[in-house]
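Take a look at the structure set out below.
The values are calculated or read from the model by the stated rules, or taken from the named source; none is laboratory data. Small disclaimer: the values here were computed from a predicted structure and weren't measured. Ideal geometry is used to build each Cβ from the backbone, glycine not excepted, and the neighbour counts take in all protein chains shown.
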């Protein structure tokens, strides 16, 4: 008998199950792991779903994932390779009574990463469509209790239509910046006196280009913050106007630019104060640079010239 398909009411414990599983996955993938996302129906509060936790993992290298394929069995996963989607690594846990599914993509595969995040966020913010999706899935589970192909085929058109709407409205800029920063972020020893990479930054210019940088720590005061490293990269490539910036701390959370970097950015451009800085990646909370450096000294120097 095949997989038993059941659709249940939303369970807040699904978030806890995702968090617990993320820790296990990070231990296996280690430094190759850039980000882990809760996706699929169990990631949408209020949405009825099959009680299977869908997890999307973004990595620096799929080749390194393939190298440790056997290690996933230690935390209960079957490693099934691409399994129908080019550029993906698919893993499942629980056999026919599946409990978890993992989808691994390389950081540069934005098409796959973006569509999963877009669909999830769309369902989270569109109640009418969320309720309609729940009704469709519940009916299909009753009609095809042991036919996963029939169940999936029955909701395919709705999912594709919603995915189209979701992608047309989705602004994944902060996700792109975060992933770009995390891709560059890994600790490395340059010499016995210099280390780099524990903090990273990514910025988006007014022209739409992304530049990244990592911190450089030295045995004296000659180091450089990740923010200024990214800015130097931007200036080297002929640009000077920043629209958005993400700074990623060693724990993977967003951080604030230091005082020296704030001052440096304010001096780049008269409109620099409108630049957005990410405060929290999970909630996408932002703050404008001018709020981080109020009553900036140049304002006073300009006023004194009036």
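Numerical summary
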read-out: Residue tally, condition closer than 29 Å to residue 117 by Cβ, touching a residue at least 24 places away in the same chain (Cβ under 8 Å) and not in a strand (DSSP E or B), over the stretch 239-271; value: 10
read-out: Options 46, 40; residue that is under 20 Å from residue 282 (Cβ atoms) and crowded, with 20+ Cβ neighbours inside 10 Å; value: 40
read-out: Options 104, 113: the member that is closer than 22 Å to residue 15 by Cβ, touching a helix residue (DSSP H, G or I) at 6+ places or on another chain (Cβ under 6 Å) and in the same structural domain as residue 149 (by TED's automatic domain parsing); value: 104
read-out: Those residues of the stretch 111-152 which are over 30 Å from residue 283 (Cβ atoms) and outside any helix (DSSP H, G or I), in sequence order; value: 144, 145, 146, 147
read-out: Hey, residue 155 assigned by TED's automatic domain parsing to the domain that holds residue 280 and either surrounded by fewer than 21 Cβ atoms within 10 Å (Cβ to Cβ) or assigned to a strand (DSSP E or B) (or both) or not; value: no
read-out: Residue match in the stretch 3-21 (condition: assigned to a helix (DSSP H, G or I), surrounded by fewer than 18 Cβ atoms within 10 Å (Cβ to Cβ) and on the phi > 0 side of the Ramachandran plot); value: no
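Residue-by-condition table, conditions (1) free of Cβ contacts under 8 Å to residues at least 24 places away in the same chain; (2) closer than 15 Å to residue 25 by Cα:
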{"position": "63", "(1), (2)": "yes, no"}
{"position": "74", "(1), (2)": "no, yes"}
{"position": "81", "(1), (2)": "yes, no"}
{"position": "92", "(1), (2)": "yes, yes"}
{"position": "95", "(1), (2)": "yes, no"}
{"position": "101", "(1), (2)": "no, yes"}
